[in-house]
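One structure below.
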Amino acid sequence: METTAPETPAPTIDIADRVKRFLLVLIEPRSYLNALYLLTAFPLGLTYFLVLTAGMISGAFLSIIVVGLLILLATIVAAWGFALFERELAIGLLGFNVPPLALPDPEIVSPWRLLVRHLGQPATWKSLIYLFLKLPFGIFASLISAALVGASVFGILYPLIKINIDGVSPQAIGNFIFPGAFAVAGLALSFHALNVVARAWGRFATDMLGVGEEQRQVWEAKRKAEAADRSRRELIMNVSHELRTPIASIQAHVDSLLLPVAERPDAAESERRLRVTAAETRRLADLIEDLLMLARADSHELKVSNRAIELAPIVQQVGHVLAPLARAERSVAVTVEDLPAGVWAVGDPDRLAQVLTNLVRNAINYTPEGGVVSVRMNDGTFEHIQIAVSDTGPGISAADLEHIFERFYRADSSRARDTGGFGLGLSIARELLEAMGGSLSATSQPGLGSTFWISLRRAQTPE
Ligand code: ADP
């Protein structure tokens, strides 16, 4: 079989590309920051060395008297400050992501305990070694950076100075080629070399100046455990708080029905009280259902079976069920706008219907009589489809909008209490949509109404 050789790009392009990449270093800010770091390494290293050795030696000699111990203490504090400064330099000039020197511990408040902990940490001693090594490194770094950059800059400036002094002559113009052009190339080469040195030292600084990876992980795990513990405590408090009112109401009503016959309310009143008791019990059962669902979401056991679903029939169905109820109970019109057919998304049809029902119910509950709740579907972006549930209710203030998806949050608790909610509906709806790979958000114009946006991932239309 005949094959044709693959076309090779013209070599000139390749060379031009390489030259461009080689010279690019001249306009990268990082090159100049690295060079600045290396140029200043010697004076800094020398300062650390002088301060620390002078402090240690004089402190050690005078340690028989208290003043020596104070000098040692001051030296430790100075070393700490130098290490913090060096960390900032490595981040700012070398561009390295150096972990913190010590992890925050809110339990440690007194400076003395802070110092004791500081002395017990490996990062402290590693940073001290680093500070001493900065001197030999500084001698090397400052020398080569000064020599390389100095020579190149001189080579670039020489033709300019020459032409100023001697005037224009063929030789002066020739100087622009040599040493001029060569010095530009030399400067680029110097920057490449200095960048290599700076990167190597930056990696070393990252290892020496920050807490180790293992320690960071332990700290992170501890922080997460504390947050989980706090949220568990909050949950228990919230649930207890929510249970109190309905249970007190049930108890009062049942107690009144258990009074001696003579003191019992009449039959009509007794029936009313029983109905209230039944309604409160149903509310409690709903609360338990919601809590179970949230607990499952927290332990990643929320069962959502995602597949390609056609959206229009689901949205239509929810509208069909709720529109007559809204009209009869609250004189609110629920309209479902023309839905584009053949739009498929990834999701669980039952869970999506549950979320939509929740949003439309909320919209109905918060809309005054005569208002309108409308549901529509946008084709959204190429990857996502949006379903919007809008109402002509009171809207939600910007401050509340930030929190309405939090558990147990109710923007206006007295009003929400009337509607019977516990402030869990939206957080469950969001969990469910996220489990479908989608999201839930809200926008609102206080006084005019709110819109809740469901976003789902587009699915391929099944054959
Ligand atoms: P609830 O069961 O109390 O309604 P949700 O989690 O569903 O709890 O809603 C949280 C809060 O968000 C509500 O208490 C209410 O203040 C606000 N909210 C939800 N939907 C709307 C809406 N359509 N219009 C105005 N406020 C709303």
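The values are calculated or read from the model by the stated rules, or taken from the named source; none is laboratory data. On a predicted model such as this, the values are computed, not experimentally measured, just so you know. Cβ sites come from the backbone with ideal geometry, for glycine too, and all protein chains shown count toward neighbours. Ligands, DNA and RNA are stripped out before the accessible areas are found, and what is left, the full protein with its side chains, is counted by its heavy atoms. Shrake-Rupley method; radii C 1.70, N 1.55, O 1.52, S 1.80 Å.
A search for C-beta distances below 8 Å between a residue of region 13-27 that is open to solvent by less than 100 Å² (accessible area, probe 1.4 Å) and any residue that is in a helix (DSSP H, G or I) and of a type in the set (Val, Ile, Thr), counting only pairs 6+ apart in sequence or on different chains, returns LEU23/VAL184; LEU26/VAL184. In this structure, LEU235 does satisfy being open to solvent by less than 70 Å² (accessible area, probe 1.4 Å) and over 28 Å from LYS126 (Cα atoms). Based on what the data block shows, is THR357 within 13 Å of the ligand (Cβ to nearest atom) and of a type in the set (Val, Ile, Thr)? Criteria met by THR357. Candidates in region 383-411 are the residues that are of a type in the set (A, V, I, L, M) and in contact with a Lys or Arg (Cβ under 9 Å, 6 or more places away or on another chain); of these, the one that is nearest to the ligand (Cβ to nearest atom) is ILE404. Considering LEU62, LEU38, LEU94, LEU52, the condition of being closer than 22 Å to GLY138 by Cα and either at pLDDT below 95 or touching a Lys or Arg at 6+ places or on another chain (Cβ under 9 Å) (or both) is satisfied by LEU94 alone. Checking the structure you have, find out if any residue of region 184-197 is assigned to a helix (DSSP H, G or I), aromatic (Phe, Trp, Tyr) and open to solvent by 70 Å² or more (accessible area, probe 1.4 Å). For region 184-197, residues assigned to a helix (DSSP H, G or I), aromatic (Phe, Trp, Tyr) and open to solvent by 70 Å² or more (accessible area, probe 1.4 Å): absent.
Based on this model, can you work out whether ALA225 counts as surrounded by fewer than 13 Cβ atoms within 10 Å (Cβ to Cβ) and small (Gly, Ala, Ser)?
yes
Condition check for PRO170 on (1) more than 22 Å from TYR32 (Cα to Cα); (2) at pLDDT 85 or above; (3) open to solvent by 90 Å² or more (accessible area, probe 1.4 Å); (4) not polar (S, T, N, Q): one failure, at (2). Within region 76-128, if we keep just the residues that are in a helix (DSSP H, G or I), open to solvent by 60 Å² or more (accessible area, probe 1.4 Å) and touching a residue at least 60 places away in the same chain (Cβ under 8 Å), the residue that is farthest from VAL196 (Cα to Cα) turns out to be PRO122. Looking across region 129-140, the residues that are open to solvent by less than 30 Å² (accessible area, probe 1.4 Å) and more than 33 Å from the chain's Cα centre (by Cα) come down to LEU131, LYS134, LEU135, PHE137, GLY138. Just so you know, in region 355-391 the residues that are under 30 Å from the mean Cα position of the chain (by Cα) and among the charged types (D, E, K, R) include one that is nearest to THR443 (Cα to Cα), and it is ASP379.
Filter region 333-350 down to residues that are surrounded by 13 or more Cβ atoms within 10 Å (Cβ to Cβ) and farther than 14 Å from PRO313 by Cα and give me whichever is nearest to the chain's Cα centre (by Cα). My answer is VAL346. Restricting attention to region 358-369, the residues that are closer than 15 Å to ARG430 by Cβ and open to solvent by 10 Å² or more (accessible area, probe 1.4 Å) total 2.
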